[in-house]
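Engineer: My questions will all concern the structure given below.
The values are calculated or read from the model by the stated rules, or taken from the named source; none is laboratory data. Remember, predicted model here, so these are calculated numbers, not experimental data. All Cβ positions, glycine included, derive from the backbone under ideal geometry; neighbour counts span all protein chains shown.
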Amino acid sequence: MEMSPDAQTVSSRWNAVLSSPAQLAGVADIRGEGWVAVDPKNQGQIVAHISISNAVPKAVYPWHVHRGECGSDQGVAGPADAYPPLKVKDDGRAEATANLATSLPRTGRYFVNVHASSKNMSMIVACGNLAPPAQ
């Protein structure tokens, strides 16, 4: 086993489990996880990470951390263009990381969502509410 000094412990980050909304049953069943944590290389920034599976191979999905919760969007956290798109591989998996110039929130409600495409941002194909770090 290899230890990484940049690894984020689960207890020090906001964590989410993503799934496709119920209204997409039979159409999409994307699963995944996301997290937000302090950037170990720059304490004044945060890192947002997402990984998904069971997505359409070769698809490209925009994703963001938002304020609010799944189904109650209060806007993107940070600049939308700071989030690189998810580029799905042949096996249906993708992951991406965004670096945001802000501090880690201590309170509030946040979630991670995956949009159908850059031309269909209103259709959410996966979402997960972020749970705050253990206190």
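Engineer: Among the residues of region 56-64, is any of a type in the set (D, E, K, R), under 20 Å from Ala116 (Cβ atoms), surrounded by fewer than 19 Cβ atoms within 10 Å (Cβ to Cβ) and free of Cβ contacts under 8 Å to residues at least 40 places away in the same chain? Spell out how you get there, then give the answer.
Structural biologist: Taking region 56-64 first, the residues of a type in the set (D, E, K, R) are 58.
When the remaining residues are screened for being under 20 Å from Ala116 (Cβ atoms), the result is 58.
From what is left, the residues that are surrounded by fewer than 19 Cβ atoms within 10 Å (Cβ to Cβ) are 58.
Restricting the remaining residues to those that are free of Cβ contacts under 8 Å to residues at least 40 places away in the same chain gives 58.
There is at least one residue in region 56-64 that is of a type in the set (D, E, K, R), under 20 Å from Ala116 (Cβ atoms), surrounded by fewer than 19 Cβ atoms within 10 Å (Cβ to Cβ) and free of Cβ contacts under 8 Å to residues at least 40 places away in the same chain.
Engineer: Are any of the residues in region 31-53 outside any strand (DSSP E or B), surrounded by 14 or more Cβ atoms within 10 Å (Cβ to Cβ), among the aliphatic types (A, V, I, L, M) and at pLDDT below 95?
Structural biologist: no
Engineer: Which residue is farthest from Arg13 (Cα to Cα), if the candidates are limited to region 118-135 and must be assigned to a strand (DSSP E or B) and without any contact (Cβ under 8 Å) to a residue 24 or more places away in the chain? Spell out how you get there, then give the answer.
Structural biologist: Within region 118-135, the subset assigned to a strand (DSSP E or B) is 120-131.
From what's left, without any contact (Cβ under 8 Å) to a residue 24 or more places away in the chain: 120, 122-123.
Numbers: Asn120: 30, Ser122: 27, Met123: 27 Å.
Filtering region 118-135 for residues that are assigned to a strand (DSSP E or B) and without any contact (Cβ under 8 Å) to a residue 24 or more places away in the chain, the one farthest from Arg13 (Cα to Cα) comes out as Asn120.
Engineer: Any idea which of Ala16, Ala37, Ala28 is in contact (Cβ under 8 Å) with a residue 12 or more places away in the chain, of a type in the set (A, V, I, L, M) and more than 14 Å from Cys127 (Cβ to Cβ)?
Structural biologist: Ala37 is the lone residue from the list that is in contact (Cβ under 8 Å) with a residue 12 or more places away in the chain, of a type in the set (A, V, I, L, M) and more than 14 Å from Cys127 (Cβ to Cβ).
Engineer: Also: Go through (1) among the small types (Gly, Ala, Ser); (2) crowded, with 16+ Cβ neighbours inside 10 Å; (3) not in a strand (DSSP E or B) for Gly26 and report which single condition fails.
Structural biologist: Among (1) among the small types (Gly, Ala, Ser); (2) crowded, with 16+ Cβ neighbours inside 10 Å; (3) not in a strand (DSSP E or B), the lone unmet condition for Gly26 is (2).
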